[in-house]
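J.: One structure is given below, represented as structure tokens, and several questions about it will come after.
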Amino acid sequence: MRNYPNEHREIVANLLDGRFIIYPNQMFGILQTQEEEYKEFFKESYGFELNIESEFAYLSSNEVAEKRTRDFTLFLAMLCRELDYSGKNFRDSIELGTFNMTEVEQLLKQSSKWEILEKTSVANFEAFIDTWHKKNLINKTGNQFKFTKAVKLFFEFAVNVANSKLKEQINNESVKQDGNL
């Protein structure tokens, strides 16, 4: 039988609940030092991939079809759009800034794209923020919140989606041009 650290149950419970484990949390250090063992553990026990980035760890699976991640991605995209429209550097604002919940909710509700978010869990904004606070993606204090380092994962995802859409568009235009020759 393997000898797991005292924090093993807490690590497993956090990750299985969809929480990010973020540096400098002691559990993150344990995951880093026992990376191979934990990767094997989660793969064999649950069929999940353990991902350890430079500043956070999380589980992923191709077979999970949950909507919370989609809702968060839409929220982040809309917030970035609105920050950009107001002339702010949205990436710096997201990674470094602190937000007032009431102001952000109003900003999103005044957006011409609110109808998209209105059909998601973002519509109940306070509960939405509380959910992501529990998942360690947002730090919330009173009516203020800021994003944790794990938000980088969502930026990377958005860039990958944008790049694949751009590549698809270029390929489609290339096919059209070849067909017109």
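J.: On average, how much accessible surface per residue is there in the chain, in Å², for a 1.4 Å probe, leaving out ligands, DNA and RNA? Mind dumping the intermediate values first?
T.: Working: 11370 Å² over 181 residues.
Accessible area per residue, the chain: 63 Å².
J.: Quick check: residue separation of N143 and E37 times 0.36 nm, minus the Cα distance between them. What number comes out in nm? List each step's numbers first, then the result.
T.: Details: separation 106, 0.36 × 106 = 38.16 nm, distance 4.00 nm.
My answer for the length gained is 34.2 nm.
J.: Oh, and also: For the stretch 56-99, what is the largest minus smallest coordinate of the Cα atoms on each principal axis, given in angstrom and ordered from greatest to least?
T.: 39, 21, 15
J.: With a point put 7 Å past each Cα toward its Cβ, work out how far E95 is from R9 in nm, to one decimal.
T.: So the label points at E95 and R9 sit 3.9 nm apart.
J.: Over the Cα atoms of the stretch 8-60, how large are the radius of gyration and the largest Cα-Cα distance (Dmax), in Å?
T.: My reading of the Cα-based Rg and Dmax gives 9.6, 27 Å.
J.: Also: Suppose R0 equals 25 Å; then what is the FRET efficiency for A158 and S45 from their Cβ-Cβ distance, rounded to the nearest 0.05?
T.: Numbers: r = 31 Å, r/R0 = 1.23.
Rounded to the nearest 0.05, the efficiency is 0.20.
J.: I would also like to ask the following. What number, rounded to the nearest 500 deg cm²/dmol, is the helix-based mean residue ellipticity at 222 nm of the chain, given -39500 (n - 2.57) per DSSP H run of at least four residues and division by all its residues? Numbers along the way, then the final one.
T.: Details: 9 runs with 107 residues, N = 181.
About -18500 deg cm²/dmol.
J.: Nearest 20 debye, what's the magnitude of the dipole of the stretch 8-60 about its Cα centre given +1 on Lys and Arg Cβ and -1 on Asp and Glu Cβ? Provide the component values of the computation, followed by the final result.
T.: Values: 4 positive and 10 negative charges, 33 e Å.
So the dipole magnitude of the stretch 8-60 works out to roughly 160 debye.
J.: If you roll a 1.4 angstrom probe over the protein chains with everything in place, what fraction of the accessible area of the chain belongs to carbon and sulfur, to the nearest %?
T.: Of all accessible area on the chain, carbon and sulfur atoms account for 48 percent.
J.: State the answer as a single residue: which of L76, F155, S54 lies farthest towards the positive end of the charge dipole of the chain, with beta carbon charges of +1 for Lys and Arg and -1 for Asp and Glu, about the Cα centre.
T.: L76
J.: Quick one: ranking T148, T102 by accessible area, 1.4 Å probe, largest first, what do you get? Mind dumping the intermediate values first?
T.: Values: T148 15, T102 75 Å².
From most accessible down to least: T102, T148.
J.: If you don't mind, another one. Using a simple charge model, +1 on the beta-carbon of Lys and Arg, -1 on the beta-carbon of Asp and Glu, nothing else, what dipole does the chain show about its Cα centre, in debye to the nearest 20?
T.: The calculated dipole for the chain is roughly 340 debye.
J.: If we restrict to alpha carbons, what Rg and Dmax does the stretch 68-156 come to, in Å?
T.: 11.8, 31
J.: Moving on to the next point. Tell me the net charge near R91. Cut-off is 15 Å between Cβ atoms, R91 excluded, with +1 for each Lys or Arg and -1 for each Asp or Glu.
T.: Numbers: positive: R81, K88, K146, K149, K152; negative: E82, D84, D92, E95, E156.
With Lys, Arg at +1 and Asp, Glu at -1, the net is 0.
J.: Still on this structure: With the crude spin-label approximation of a point 7 Å out along Cα→Cβ, what separation in nm comes out for N171 versus T120?
T.: For N171 paired with T120, the spin-label model returns 2.5 nm.
The values are calculated or read from the model by the stated rules, or taken from the named source; none is laboratory data. None of the values given here were measured: they were computed from a predicted structure. Quick reminder, even Gly has a Cβ in these numbers, built from the backbone with ideal geometry, and neighbours come from all protein chains shown. In case anyone asks, the SASA skips ligands and DNA or RNA and just uses the protein heavy atoms, side chains included. Shrake-Rupley method; radii C 1.70, N 1.55, O 1.52, S 1.80 Å.
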